[in-house]
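Shown next, in structure tokens, is the structure this report addresses.
The values are calculated or read from the model by the stated rules, or taken from the named source; none is laboratory data. Just so we're clear, the structure is a prediction, and the values are computed from it rather than from any experiment. Please note: Cβ atoms are built from the backbone with ideal geometry, for glycine as well, and neighbour counts cover all protein chains shown. In case anyone asks, the SASA skips ligands and DNA or RNA and just uses the protein heavy atoms, side chains included. Shrake-Rupley method; radii C 1.70, N 1.55, O 1.52, S 1.80 Å.
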Amino acid sequence: MLKVGYIGLGIMGRPCALNLLRAGFPVAVWARHPERARPVLDAGATWCDSPAKLAGEVDVLITNLSDTPDVEAVLLGEGGCVDGARPGLVCIDMSTISPFGARRIAERLASHGVDFLDCPVSGGEVGAMNGTLTVMVGGKEAALARVEPVLAAMGKTITRIGDSGAGQVAKACNQIAVGVGVAMVAEVMKLAQACGVDPVPVRQALLGGFAASRVLDVHGQRMIDDNYAPGFKAALHLKDMGIVLDCAHELGISLPQAERVAGLIQRLVDQGDGELDSAAIARFILNSEVSHGE
């Protein structure tokens, strides 16, 4: 059994670490906020006093943090994992970060004999709890083959997209598709209501045809219920859309639909609703006046 280290025991990381323990992997942890580690320690994990010490004791080290600077600090900063890592260590980052940042991290770690896999996920808290996450992998095939049993304890679908950074590219594409999909479903609901037609059977009909999607299924029901309890918080989706638009800017490409959705999510956060599910942008669409100039 590979010994696994875990850093980042929040909404996603905690259930992932617990699933690793249930699968029989020995798990050691470090947390910037030690109180967050308590449920995992109670379940049998061990504590390490620093990222560097943790990296020196494990075969696989997983990070699940908020943003690119957090991952860089924990892996590459002073007292970070790179200071204690032994050659042969595989670092798996399950955060959503910049593809370019993932490539930088991979290059730095490679110079120390450490493999890096960027492995962002889709599936939310429910997927993390059930061990059914979709994992998008960037990095070497050989490194993935070594740690695939570890990923399989947390995810149901594991797909290698390509070299370092490719997993994060796939996640950025996912965030565009979800955000634009929400806006599209909201416009479907708005048109139905404006025509005096009940959107409930409209949604049911569409779910049986070519327009069916998870967004229509899950978020369409949210819109009908006007219930935006968070599955994926708007503040986090806004961060991810920032990554999308930063990539587009650096590459010199235009993503107008992504820009529109990012603007709606920004509006949601600005009005103090960053803790709601990002699907709450539907309220802006459903409640807006019809503009024939749009």
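With every protein chain left in place, what is the accessible area per residue of the chain in square angstrom, probe 1.4 Å?
Values: 13540 Å² over 294 residues.
Dividing the accessible area of the chain by its residue count gives 46 Å².
If contacts are Cα pairs under 8 angstrom and at least 6 residues apart, what is the relative contact order of region 62-201 in percent? Write out the running numbers ahead of the final one.
Values: 228 pairs, mean separation 27.7, N = 140.
Relative contact order, region 62-201: 20 percent.
Given a 1.4 Å probe and every protein chain left where it sits, what share in percent of the accessible area of region 4-144 is carbon and sulfur?
Numbers: 2710 of 5380 Å².
Ligands and nucleic acids excluded, carbon and sulfur give 50 percent.
Per residue and in Å³, how big is the convex hull formed by the alpha-carbon atoms of the chain?
On the way: hull volume 41.8 nm³, N = 294.
Per residue, the Cα convex hull of the chain comes to 142 Å³.
Given the Cα atoms of region 25-105, and with Rh set as the inverse mean 1/r over their pairs in the Kirkwood sense, what is Rg to Rh to two decimals?
Working: Rg = 12.4 Å, Rh = 13.0 Å.
Radius of gyration over Kirkwood radius for region 25-105 works out to 0.95.
Multiply the residue separation of ASN287 and SER50 by 0.36 nm, subtract the distance between their alpha-carbon atoms, and state the gained length in nm to one decimal.
Numbers: separation 237, 0.36 × 237 = 85.32 nm, distance 4.97 nm.
Here the answer is 80.3 nm.
Sorted by accessible area with a 1.4 angstrom probe, largest first, how do MET223, MET12, MET129 fall? All intermediate terms of the calculation are to be shown ahead of the outcome.
Details: MET223 15, MET12 45, MET129 110 Å².
Per-residue accessible area, sorted high to low, gives MET129, MET12, MET223.
With Cβ to Cβ distances under 12 Å as the rule, what net charge do the other residues near LEU245 carry (K, R +1; D, E -1)?
Numbers: positive: LYS239, ARG260; negative: ASP240, ASP246, GLU250, GLU259.
Surrounding charge for LEU245 is -2.
Count charges around ILE161 for me, please; just the other residues with Cβ under 11 Å from its Cβ, Lys/Arg as +1, Asp/Glu as -1. Can you show the working numbers first?
Values: positive: ARG160, LYS171; negative: ASP118, ASP163.
Result for the local shell: 0.
Return a whole-number percent for the relative contact order of the chain, with Cα pairs under 8 Å and 6 or more residues apart as the contact set.
Values: 529 pairs, mean separation 38.4, N = 294.
The value is 13 percent.
Distance from a point 7 Å along Cα→Cβ of ARG36 to each backbone N in region 77-110: keep the residues under 18 Å and list them by number.
It comes to 77, 80-81, 92-98, nothing else.
How charged is the neighbourhood of ARG14? Take every other residue with its Cβ under 11 Å from the Cβ of ARG14, and add Lys/Arg as +1 and Asp/Glu as -1. The partial results should precede the final answer.
On the way: positive: ARG36, ARG38; negative: GLU125.
With Lys, Arg at +1 and Asp, Glu at -1, the net is +1.
In what order, largest first, do THR134, THR63 sit by accessible area if the probe radius is 1.4 Å?
On the way: THR134 55, THR63 0 Å².
These residues rank, largest area first, as THR134, THR63.
Could you tell me how far the Cα centroid of region 229-287 sits from the Cα centroid of region 72-142, in Å?
Spelled out, the Cα-based centre of one part sits 25 Å from the other.
For region 1-139, just say rounded, prolate or oblate: build the C-alpha gyration tensor, square-root its eigenvalues into a ≥ b ≥ c, call rounded for a/c under 1.5, and beyond that prolate if a/b exceeds b/c, oblate if not.
Working: a/c = 1.56, a/b = 1.19, b/c = 1.31.
It is oblate, given that a/c is not under 1.5 and a/b is not larger than b/c.
Just grab the label-to-label distance for ALA211 and ILE224, each label 7 Å out from Cα along the Cβ direction, in nm (one decimal).
Here the answer is 1.4 nm between the modelled labels.
So what is the relative contact order of region 116-187, in percent, for Cα pairs below 8 Å that sit 6 or more residues apart?
Working: 111 pairs, mean separation 24.6, N = 72.
With pairs under 8 Å counted, the relative contact order is 34 percent.
With a ≥ b ≥ c taken as the square roots of the eigenvalues of the C-alpha gyration tensor of region 180-294, please select rounded if a/c is under 1.5 and otherwise prolate if a/b is larger than b/c or oblate if it is not? All intermediate terms of the calculation are to be shown ahead of the outcome.
Numbers: a/c = 1.69, a/b = 1.54, b/c = 1.10.
Verdict is prolate for region 180-294.
Please check: in the Gaussian network model of the chain (C-alpha springs, under 10 Å), which one of CYS81, CYS173, CYS119 has the largest mean-square fluctuation.
CYS173
Using per-residue counts of other Cβ atoms within 10 Å, averaged over each peptide, order 187-194, 176-183, 71-78 from highest down. If you can, show how the numbers build up before the last one.
Details: 187-194: 15.2, 176-183: 20.5, 71-78: 19.0.
In descending order of packing, they fall as 176-183, 71-78, 187-194.
Debye calculation, C-alpha points only, no solvent: report log10 I(q)/I(0) for region 196-253 at q = 0.20, 0.21 Å⁻¹, in the same order as the q values.
Debye curve over Cα of region 196-253, log10 I(q)/I(0) at q = 0.20, 0.21 Å⁻¹: -0.82, -0.84.
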